[in-house]
Ligand SMILES: Nc1ncnc2c1ncn2[C@@H]1O[C@H](COP(=O)(O)OP(=O)(O)OP(=O)(O)O)[C@@H](O)[C@H]1O
Ligand SMILES: [Mg+2]
């Protein structure tokens with residue numbers, strides 16, 4: 001059967017509509033699903049047992065999601081879309097067993113007045129004790145049941161209330177106080193051991209309990225989603241899940257969780273970039289014809305120069321100066337940029353870095369001889385001497401210090417990158433310095449982590465500097481940063 | 001068209017029979033690759049069993065494995081086919097010395113099957129027997145070279161200007177692997193099923209260890225898997241791969257270690273980690289809290 005035929009026959013069933021709707025949601029969430037991939041998915045599900053939800057999920061993933069960074073979004077949407085809708089949409093019977101019929105099994109616990117179902121009859125202390133036991137024994141079924149009960153009790157969900165899932169999650173977790181549960185689990189573990197746990201054992205035990213707690217957390221999240229879907233419907237719910245993909249998370253507004261995600265993303269990104277740039281460098285240029293080498297090779301073809309040989313030029317690598325604002329909200333952006341620049345530092349003859357708030361300090365030495373950039377960047381943020389008066393950004397003064405101390409080092413091989421939002425707290429701009437830098441340097445670029453729409457509003461004076469730059473770029477996320485750095489070399 | 005695999009479970013069991021431990025997604029995607037006649041693009045960190053999956057699929061299904069190892073600078077002549085110039089030259093000399101052979105005749109003659117040197121891609125589609133084609137580390141070729149693959153991947157055919165289009169006699173199962181050092185083109189990804197192979201779960205890694213290191217005890221395999229899981233949670237330059245887990249497990253068995261204590265871990269962790277800074281980080285993590293916790297447990 002060809003793919004079009006398969007797609008056609010799939011069209012017949014309600015499954016096709018369901019799939020269409022799902023693809024629309026994926027696209028809304030920013031996943032690039034092409035028409036042919038949509039057709040592939042429709043064909044794929046013909047070959048598997050629809051009742052087998054796991055197989056169904058992986059068939060869709062394999063045909064629709066071609067980037068691992070998008071997997072989480074896919075998984076959550078899949079759950080909302082296929083598992084949590086009303087039973088009329090369910091693929092199989094077990095998809096929805098809402099309300100109280102969770103198979104709550106208090107095990108040997110004396111509590112749990114039968115008949116109440118779902119553990120409603122337990123006191124908060126009893127529920128907490130049961131949770132502790134479930135985690136201690138790694139009883140997944142019981143953990144799941146407790147997750148449901150906990151949401152029911154503690155999340156305070158009310159129909160139609162316009163708050164997001166995070167709020168409910170927070171309320172549920174606060175009541176469960178998992179940090180203390182973990183401490184108690186560890187204490188019990190230590191007490192059970194016949195000799196003191198070694199540091200390694202501590203670590204392993206803790207990771208195991210943490211893993212169980214993470215599973216509990218995921219169950220709680222799933223339960224909250226399930227209730228939200230029941231309340232609001234799958235489409236509305238899917239809409240609230242439209243979170244930015246990691247590469248699109250805004251540096252200036254990243255939540256703590258997103259920051260962790262960004263930090264995780266940075267190393268693979270730098271590695272990728274380094275490989276790509278090294279390759280580009282090797283291939284881009286072809287030097288002048290190497291006459292001798294060509295003739296030498298032509299001998300094997302009876303003197304016909306069939307294979308011209310070229311000299312590989314050694315193009316001069318530029319030197320790069322990064323001058324970064326590390327105040328408040330732009331600090332994250334500076335951190336990622338420094339990270340990326342140092343990761344590809346072999347592409348430059350030398351990298352020097354300077355950081356400022358209202359004073360300015362050179363931090364190049366922090367990066368010398370270290371092979372852990374994260375560590376160095378951390379030191380920059382904690383040790384550099386960047387405060388002059390009050391610790392509020394003063395670009396004008398910072399530029400003056402830069403020009404006084406390092407202006408002479410800027411030369412025709414230097415590319416200067418200034419990083420910051422140019423929010424100057426109404427101080428003098430000293431834009432003449434950028435003009436001087438541009439005159440002496442090879443190139444001067446400005447990277448601004450603010451959306452373009454905000455430039456030159458309030459105390460942003462990026463425009464004053466922009467007229468003396470070879471380019472001013474909006475760099476709000478990893479995607480834009482990667483693109484800029486890629487083009488820099 | 002007969003299928004190679006009866007069910008997803010059959011794939012899983014078949015792989016197990018050749019010592020490859022698959023999870024739901026691996027078995028599911030391999031099954032679909034056969035049913036949909038589509039190539040599979042496998043991506044993931046180093047040493048997670050990408051290459052081995054293709055090999056094991058070939059082994060379990062009794063198919064011949066044809067491998068195209070990609071590298072920077074790989075070209076058509078190495079991937080698809082090449083004309084055998086020497087042989088062509090000889091023929092030209094022989095025929096033109098006859099005097100009365102037309103050039104067009106010679107041309108038809110020398111651009112025929114006989115003078116074609118098939119490279120892995122062409123070899124895979126012209127094979128009569130069942131084959132598994134492994135295009136390994138496809139992210140190493142330049143973006144432009146990727147285009148060479150597209151025709152094969154979507155239509156299972158190769159166009160040779162002098163000969164016309166050669167169609168596949170049978171549809172090979174195709175696996176491409178990538179370490180993701182470069183974004184692959186959308187065109188390539190669209191043609192493939194996608195499988196991300198990440199580090200295995202604790203349970204699966206333990207099973208892999210038990211399968212691949214038969215002399216190991218259940219207890220030791222469990223500890224190995226747990227320690228590796230903990231190390232993978234650290235922020236490192238390079239996390240231990242499955243092959244490194246296996247190397248480590250084998251070494252522990254050789255050393256006669258049955259319970260891994262702190263000093264065993266410290267002494268052997270270089271088998272799991274390649275960077276000095278990573279090794280230091282891991283050691284610090286293993287040993288950091290010894291004193292503190294000891295005091296705490298004494299006090300209570
Ligand atoms: N699921 C598995 N079952 C059994 N063995 C496995 C499994 N996964 C990995 N291995 C073992 O790990 C080794 C490394 O796997 P392999 O060479 O396929 O990694 P890879 O993903 O191709 O790595 P690279 O990206 O470095 O090429 C294999 O030789 C195999 O022994
Ligand atoms: Mg490999």
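What follows draws every value from the coordinates through simple rules; no lab data is involved. Not measured: the values here are computed from a predicted model. Because the Cβ atoms are built from the backbone with ideal geometry, glycine has one as well, and the counts that use them run over all protein chains shown.
Data for the structure
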| read-out | value |
| --- | --- |
| Spatial separation of Cα centroids for the range A:443-464 and the range A:374-400, in angstrom | 19 Å |
| 10 Å Cβ neighbours from other chains, averaged over peptide B:191-198 | 5 |
| Distance between modelled label sites at residue A:248 and residue A:36, nm, 7 Å Cα→Cβ extension | 2.4 nm |
| Globularity index of the range B:103-197, i.e. its alpha-carbon radius of gyration over 2.2 N^0.38 Å | 1.24 |
| Helical contribution to [θ] at 222 nm, DSSP H n ≥ 4, -39,500 (n - 2.57), averaged over chain B, rounded to 500 | -15500 deg cm²/dmol |
| Shielding by partners, peptide A:262-275 (average Cβ within 10 angstrom, other chains) | 2 |
| Nearest 10 degrees, 0 to 90: helix B:8-17 Cα axis against chain B principal axis | 80 degrees |
| Estimated FRET transfer efficiency (residue A:454, residue B:162; beta-carbon r; R0 56 Å; 0.05) | 0.40 |
| Spin-label model distance (nm) - residue A:409 vs residue B:89, 7 Å beyond Cα toward Cβ | 5.9 nm |
| With Cα atoms, 0 to 90° folded angle of helix B:85-98 axis to chain B main axis | 10 degrees |
| Relative contact order for the range A:403-489, counting Cα pairs under 8 Å that sit 6 or more residues apart, in percent | 31 percent |
| Partner chain coverage, peptide A:332-340 - average Cβ within 10 angstrom | 0 |
| Estimated Rh, the range A:121-164: Kirkwood, alpha-carbon pairs, angstrom | 11.5 Å |
| Ordering of B:249-260, A:136-147 by burial proxy (mean other Cβ atoms within 10 Å per residue, highest first) | A:136-147, B:249-260 |
| For chain B, the spread of Cα positions along each principal axis, largest first, Å | 105, 42, 37 |
| Taking chain B and dividing mean pair separation by its residue count, relative contact order in percent (alpha carbons under 8 Å, at least six apart) | 21 percent |
| Label-point separation, residue A:383 to residue B:233 (7 Å along Cα→Cβ), nm | 3.0 nm |
| In Å, descending, principal axis extents of the Cα set of the range B:170-287 | 51, 33, 19 |
| Ellipsoid semi-axes in whole angstrom, largest first, where each is sqrt(5λ) of the Cα gyration tensor of the protein assembly as shown | 47, 42, 29 |
| Cα convex hull of the range A:3-82 - mean projected area over all directions, nm² | 4.7 nm² |
| 0 to 90° range, to nearest 10: angle between helix B:24-36 axis and chain B longest Cα axis | 10 degrees |
| Mean separation of Cα contacts under 8 Å, 6 or more apart, over the residue count of the range B:202-299: relative contact order % | 26 percent |
